[in-house]
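Data first, discussion second: the structure below is written as structure tokens.
The values are calculated or read from the model by the stated rules, or taken from the named source; none is laboratory data. Being a predicted model, the structure only gives us computed values, none of them experimental. Using ideal geometry, Cβ is built from the backbone for each residue, glycine included, and neighbour counts are taken over all protein chains shown.
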């Protein structure tokens, strides 16, 4: 019998497991990697073999499909044979945190891998970040240039060893190693001594760069955060903090059961946690901080040598640029010390960032530890979707599945746009995609991601499909909940509307085939366009001018603002309304990073109560946010948190009532929320309460990112259905 296994079955110890079970059962035949699947031939006891295989699967492995075919051939033994090319389905495991067995080895003084930073086995270590092509064999990875020593080769060939056919196997004799440099590129130390000295420099308060699996990190100890901000030029932006262990995490943040589970998971993402006072300056003005645990052997060894128990560990890049992966390029960061290894990074992959809400994962950035991954597709076509503009990724569909690329970033930057194009082409190479059925892109005429779509469209001789931004958000939510239809609140900063306006506070009746805009927020002017998203006082001035008040600008400056307001673009953006509220209440007047004002408002929404009886008035199909601001201005505000909560509650009640009324009239049983605003947990709670009171199902994200990092998946589904 020939048995084909598809899923995550390469690079996870799957073939060695097949071998051991076949030998235990006295079976004859073979196992091999074939493209993106594993092919097994055995001469009997198929049901028992499969049952034992499923029961013994490593944590990181997954069987999605089993195909059985009659096969007549006689074999005298069972063996693993060389890989062949074939069916191209993703079987690459994600980069996975070091396992307990390997961790034990690196701290065992009698083990030959004692304190070796590239220790891994068949179920842990770097995978996607170092693969060049399928099948997943050493020659197709950046480990190819490191020739195995005899001891590693013996482990590799020993079917009873957990490193049997571990493609990234190495040791201090034959594997990659770290080198420590100073800011002038002078070599200071190598191998273990390099890590030990770097640890001392971190304890002493210097700024460093570490090369990890999928890119570089800027590092300093947390006592130096304020100086680090001045040096790096990011005075307000939150920094991720890597801590020594879970007990240390509890010292710096409040951790619930679900947060603990994902912190300790093999993915090791950055998890947004409610912080304690010691980390206030890691995320100024925000209620939470991003914390994660060591995931590579290097991280564990570094903390082993350090006195400090926490480090700023943030992606190393110049503003707007992709994360640095090349050793020579890292010196442009002007840090004090550089801890760099000599293994090539094939695929850049940022740390994933996630926020937990009632057991659901709200991915802010879905990348290391979770990508490559797929979601079932509503179509069976080969579609490329290039995503939005900021916080973007792409999505490629094949064989009824939609695969997301790793997090790409802000394609306003040319290098990031190239990164997007290269990521798409890499996935196409892995899948051996030679022809595509359609290319989907955002409707916004100025998005750089469209340039990538246009280039691919010309290359393949097809016309690109334009997909409305918020419809793509809504469909990503449908996919995430395996449903066909819902009323969706798509709330974000802004997106190009099908009427040419800038949307962002939308209620949509969405299916995969089409959408209807049920309602939205009243349009407000953005004086100066994008400038207003940074100098939020302009938005507040434009709103208050509509009911005869001047605020923040006076005299000649006010005259200039009034003049500019006449030709200003209009937006229905929920994000901009939250920015304006934050600014008016004196919480955040100017935004130095994307979403800052609205994010700083969240702390007040969490602390506030409904003190004021504001009313979200509905005119036609629009909620009058200008009138809400007038009510706020006329109120006697004693408590910012209560004022903020009362305002947003009135706004969400109005949006909820429109969505619920429509759903009940049309017999639609689900209402959901998507877009960047849906990361605000108080807002999600407000909507959930109203939806459940109406007896309807409430939909939120769990696998696909809420924000623009997940929009390509929705684009792909729409493109495939409507191509």
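The figures follow:
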item: Set 461, 504: member being crowded, with 24+ Cβ neighbours inside 10 Å and either modelled with pLDDT of 95 or more or not assigned by TED's automatic domain parsing to the domain that holds residue 520 (or both); result: 504
item: Top-ranked residue of region 400-414 - restricted to ones that are surrounded by fewer than 21 Cβ atoms within 10 Å (Cβ to Cβ) and in contact with a strand residue (DSSP E or B) (Cβ under 9 Å, 6 or more places away or on another chain), ranked as farthest from residue 65 (Cα to Cα); result: 410
item: Qualifying positions in region 426-454 - out of contact with any strand residue (DSSP E or B) (no Cβ under 7 Å at 6 or more places or on another chain), under 30 Å from residue 141 (Cβ atoms) and either surrounded by 16 or more Cβ atoms within 10 Å (Cβ to Cβ) or not assigned by TED's automatic domain parsing to the domain that holds residue 382 (or both); result: 426, 430, 452
item: Residues of region 116-157 classified as assigned to a loop (DSSP other than H, G, I, E, B) and farther than 20 Å from residue 38 by Cα, total; result: 14
item: Looking only at region 642-659, and only at residues there that are out of contact with any helix residue (DSSP H, G or I) (no Cβ under 7 Å at 6 or more places or on another chain) and more than 12 Å from residue 691 (Cβ to Cβ), the one that is surrounded by the fewest Cβ atoms within 10 Å (Cβ to Cβ); result: 642
item: Count of region 661-676 residues which are buried (at least 20 other Cβ atoms within 10 Å of the Cβ) and under 31 Å from the mean Cα position of the chain (by Cα); result: 6
item: Boolean, residue 120 is farther than 23 Å from residue 339 by Cα, in contact with a helix residue (DSSP H, G or I) (Cβ under 8 Å, 6 or more places away or on another chain) and at pLDDT 95 or above; result: no
item: Close pairs (6 angstrom Cβ cut-off, 6 or more residues apart or separate chains): over 17 Å from residue 16 (Cβ atoms) in region 130-157, at pLDDT below 95 and in a helix (DSSP H, G or I) anywhere; result: 132/140; 133/140; 134/430; 144/138
item: Region 247-262 - residue that is surrounded by fewer than 23 Cβ atoms within 10 Å (Cβ to Cβ) and under 22 Å from the mean Cα position of the chain (by Cα) and, of those, nearest to residue 703 (Cα to Cα); result: 262
item: Residues satisfying the stated conditions in region 447-474, i.e. without any contact (Cβ under 8 Å) to a residue 40 or more places away in the chain, under 19 Å from residue 410 (Cα atoms) and within 25 Å of the chain's Cα centre (by Cα); result: 451
item: The listed residue being assigned by TED's automatic domain parsing to the domain that holds residue 219, surrounded by fewer than 19 Cβ atoms within 10 Å (Cβ to Cβ), out of contact with any strand residue (DSSP E or B) (no Cβ under 6 Å at 6 or more places or on another chain) and at pLDDT 95 or above, out of 197, 185, 147; result: 185
item: Scan of region 230-263 for residues that are touching a helix residue (DSSP H, G or I) at 6+ places or on another chain (Cβ under 8 Å) and without any contact (Cβ under 8 Å) to a residue 40 or more places away in the chain, ordered by number; result: 253, 255, 260, 263
item: Scope region 353-388; condition within 15 Å of the chain's Cα centre (by Cα) and in a loop (DSSP other than H, G, I, E, B); matching residues; result: 366, 367, 369, 370, 371, 372, 387, 388
item: Of all residues in region 390-404 being modelled with pLDDT of 95 or more and not in a strand (DSSP E or B), the one that is nearest to residue 719 (Cα to Cα); result: 394
item: Selection count, region 59-99, where residues are outside any loop (DSSP other than H, G, I, E, B) and at pLDDT 80 or above; result: 12
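Here's the yes/no breakdown for (1) crowded, with 24+ Cβ neighbours inside 10 Å; (2) at pLDDT below 95; (3) in contact with a strand residue (DSSP E or B) (Cβ under 6 Å, 6 or more places away or on another chain):
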position: 565; (1), (2), (3): no, yes, yes
position: 576; (1), (2), (3): yes, no, no
position: 585; (1), (2), (3): no, no, no
position: 592; (1), (2), (3): no, yes, no
position: 606; (1), (2), (3): no, no, no
position: 613; (1), (2), (3): no, yes, no
